[in-house]
Amino acid sequence: MISCQNLTFSYSPQKRFTFPDITCADREALLILGQSGRGKTTLLHLMALLLRPEGGSVMIGDKDITPLSVAEAAAVRASQIGIVYQKPHFVSSLSVLENVLLPNYLAQKFQDKNRARALAEELGFAEHLSKKTHQLSQGEQQRVSIARALMNNPAVILADEPTSSLDDDNCDKVITLLKNQSEQIGASLVVVTHDQRLKDVVANQVKL
Ligand SMILES: Nc1ncnc2c1ncn2[C@@H]1O[C@H](COP(=O)(O)OP(=O)(O)OP(=O)(O)O)[C@@H](O)[C@H]1O
């Protein structure tokens, strides 16, 4: 379960945000909708503690993660949070497979190639595993970053516009896979998006 209470943040005195309280239970999906510039990415980054809130708290399960040090927050992210960034950040010298395995490595876990291959099959990029990430299309890269976010069976999956570069078929495939995987591993799935196609697929919604 992830929840936020009384979250506030500012980039500058002119750019201040007060976010609505949010709760997403284990095995549930929550859609955070809002037009461009409403603070969707900012909220997701606050939930992952990539940004520090000015006020309020973020809880994973019954643990308040807001007071954690930078190193402790990084450890929580590595082991408990799977993030699908709006723009995927890959290590360009590594293959697609090695990039998918990175979360295992960073969390000092066994590098589970079988799980990586199974996710690649489900997400339709198995034939690209030995390529470099720059050789893939934007939509393929987005699917690789989704597989990467799932590798450590995180307690929380935070996805920033995971379907924005995808056609309708792949949009369906990706949101279904994210929902199924989060149910299977008991994770909370939070998706921020302005993709109206997702409105019919995820019942719980918050509008910024
Ligand atoms: N590092 C930053 N410094 C200053 N202002 C920022 C910074 N990052 C974002 N902003 C501003 O904060 C606002 C919210 O940005 P954010 O990226 O969270 O919006 P968003 O809802 O995710 O938008 P989009 O749908 O276009 O990705 C925007 O007006 C943006 O210009």
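Every number in this text was worked out from the coordinates using simple rules, so none of it is lab data. This is a predicted model, so every value here is computed, not measured. With ideal geometry, Cβ positions are generated from the backbone for all residues, glycine too; neighbour counts draw on all protein chains shown.
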Can you give the relative contact order of the chain as a percent, counting alpha carbon pairs under 8 Å and 6+ residues apart?
32 percent
So who's got an amide H within less than 5 Å of the one on S165, skipping anything under 5 residues away but keeping other chains? H placed 1.01 Å off N, in plane.
none
Report relative contact order for segment 31-118 in percent, whole number only (criteria: Cα-Cα under 8 Å, sequence separation at least 6).
16 percent
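Counting other Cβ atoms within 10 Å of each Cβ, which chymotrypsin sites (Phe, Trp or Tyr not before Pro) in segment 103-183 have at most 15 and sit in a DSSP loop? It would help to have the intermediate numbers written out before the result.
Numbers: sites: Y105, F110, F125; in loops: F110, F125.
Counting only loop positions with at most 15 other Cβ atoms within 10 Å, the chymotrypsin sites (Phe, Trp or Tyr not before Pro) in segment 103-183 are F110.
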Amide proton proximity set for V84, modelled H, under 5 Å, gap of 5+
L158, A159, D160
For segment 131-155 and segment 1-26, what is the centre-to-centre distance using only Cα atoms, to the nearest Å?
27 Å
Would you work out which of N152, A29, P103 lies farthest towards the positive end of the dipole of segment 1-158, given +1 charges on the beta-carbon of Lys and Arg and -1 on that of Asp and Glu, about the Cα centre?
P103
Under unit Cβ charges (Lys, Arg +1; Asp, Glu -1), what dipole magnitude, rounded to 20 debye, does segment 2-207 have relative to its Cα centre?
480 debye
